[in-house]
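The structure appears right after this line, and notes come after that.
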Amino acid sequence: MADDEAIYAHRDCFATLAMTLGVLVKNFNTAVLLIGFGGPASPQGLEPFLKSVLEGRNIPDARLAEVRRHYAALGGRSPYNAHVERFRELLEACLNGQGVSVPVLVGFRHSIPSLGDLCLSLGKLGIRSAAAFVLSSFRSQASFERYRAAFEEERKKVAGKTEIVYTRPFYSHPLFVESQANRIREKIPSIPEPERNETFFIYSAHSIPSAMARESRYTEEFEEHASRVSQKLGIKGWSAAYQSRSGDPRDPWLGPDVLEAIRGIDKTHFKNVLLVPSGFLCDNAEVVYDLDIEAKSLAEGLGLNYTRAATVLDEPLFMQMVVELIRREL
């Protein structure tokens, strides 16, 4: 009997070891991908970045000159890539802490590391399957489908055989809503207590062509998210607005623009405006210039006290949501 027990004990130990090794092998061949827009990390990177963004697009010269002025005001660089790299490090550590030992890799559409670089990394690491998270709050052709199409095109160039699954939409996910609410809560103390009921909230997202919006749920996702956050916080005075439009000025794009929304605030009821960039997961040149410089200047010129909520990419509950979405797909 003792010999039988020893045999069973060894068998159980071997089974446990085999299962453990199986998990390790699976994780070694699995990865998490972060796919984003990208931005110039230095003044030297600005022109290559703009060249990539403008390829195949009809952008008026006046708009391009305006964009260059915006970047000049920011020192010729965007904070976007650094924010994403920090998030990548935190996400990888968080997954590892939960026993999911997988590499987290980054690829950008318009800067380095490129989507092509990402595909080459998948091949070098022997990655067989990956869960991809596109860094966009709300989905449309411009904010999701083009990312996926560009990545798939790069995979074809290297005959990539990695099985890719994309995480699900999250605009109404409770943790995304709560993380956005937390970012607003952080700013409330900066408003004098007697004036907190005299604060108007503007949620902003990147504008897209109206025709493109009609082919997606971009507007609906944005407005539903803003509504859920407002309900959670008991906000009564708020609106959804758009920013950073580009393209042919003759084509209709989503509005109202953020600046138009600020001008429309009833100053007999509101002394403060709080901007919530819910359509942007982390700071980029458009958030920093369009909101922190341009919108702030307009609001203060109109006699309004201006505050801007932080973006959510490094908010703990947002990280928890991303881990949950990734683990579901892995």
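Listed values, structure above:
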item	result
Qualifying residue in segment 281-288 (condition: among the acidic types (Asp, Glu), modelled with pLDDT of 95 or more and closer than 26 Å to Pro194 by Cβ)	no
Condition check for Leu95: aliphatic (A, V, I, L, M) and under 30 Å from Glu329 (Cα atoms)	yes
Failed condition for Leu317, given (1) of a type outside the set (Lys, Arg); (2) within 21 Å of Glu224 (Cβ to Cβ); (3) surrounded by fewer than 22 Cβ atoms within 10 Å (Cβ to Cβ); (4) without any contact (Cβ under 8 Å) to a residue 60 or more places away in the chain	(4)
Lone qualifier among Ser204, Ser210 - being within 21 Å of Glu286 (Cα to Cα), hydroxyl-bearing (Ser, Thr, Tyr) and crowded, with 18+ Cβ neighbours inside 10 Å	Ser204
Residue satisfying all of: in segment 294-321; part of a loop (DSSP other than H, G, I, E, B) and acidic (Asp, Glu); modelled with the lowest pLDDT among these	Asp314
First in segment 223-244 and closer than 16 Å to Val273 by Cβ, second anywhere and acidic (Asp, Glu) and surrounded by fewer than 19 Cβ atoms within 10 Å (Cβ to Cβ), Cβ under 8 Å, 6 or more apart	Ala240/Glu223; Ala241/Glu260
Condition check for Asn96: surrounded by 19 or more Cβ atoms within 10 Å (Cβ to Cβ), outside the structural domain of Val288 (by TED's automatic domain parsing) and part of a helix (DSSP H, G or I)	no
Which numbered condition Arg86 fails, given (1) crowded, with 17+ Cβ neighbours inside 10 Å; (2) in contact (Cβ under 8 Å) with a residue 24 or more places away in the chain; (3) out of contact with any strand residue (DSSP E or B) (no Cβ under 9 Å at 6 or more places or on another chain)	(1)
Residue in segment 186-200 that is closer than 25 Å to Val84 by Cβ and either crowded, with 21+ Cβ neighbours inside 10 Å or in the same structural domain as Gly116 (by TED's automatic domain parsing) (or both) present	no
Options Ser216, Ser227, Ser137, Ser143: the member that is of a type in the set (Ser, Thr, Tyr) and surrounded by fewer than 17 Cβ atoms within 10 Å (Cβ to Cβ)	Ser227
Tally of residues being surrounded by 15 or more Cβ atoms within 10 Å (Cβ to Cβ) and either under 15 Å from His110 (Cα atoms) or in contact with a Pro (Cβ under 9 Å, 6 or more places away or on another chain) (or both) across segment 149-167	3
Unique match (being more than 16 Å from the chain's Cα centre (by Cα), modelled with pLDDT of 95 or more and small (Gly, Ala, Ser)) among Ser179, Ser136, Ser121, Ser172	Ser121
Qualifying residue in segment 59-72 (condition: modelled with pLDDT of 90 or more, exposed (fewer than 14 other Cβ atoms within 10 Å of the Cβ) and within 24 Å of Leu313 (Cβ to Cβ))	no
Positions within segment 53-81 being hydroxyl-bearing (Ser, Thr, Tyr), out of contact with any strand residue (DSSP E or B) (no Cβ under 9 Å at 6 or more places or on another chain) and in a helix (DSSP H, G or I), in sequence order	Tyr71
Candidates Leu281, Leu275, Leu259, Leu291 - the one that is of a type in the set (A, V, I, L, M, F, W, C), assigned to a loop (DSSP other than H, G, I, E, B) and crowded, with 16+ Cβ neighbours inside 10 Å	Leu281
Every residue from segment 127-151 that is in contact with an Asp or Glu (Cβ under 7 Å, 6 or more places away or on another chain), part of a loop (DSSP other than H, G, I, E, B) and of a type outside the set (Phe, Trp, Tyr)	Arg128, Arg139
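The values are calculated or read from the model by the stated rules, or taken from the named source; none is laboratory data. For clarity, every value in this text was computed on a predicted model and none was experimentally measured. Virtual Cβ from ideal backbone geometry, glycine too; neighbours counted across all protein chains shown.
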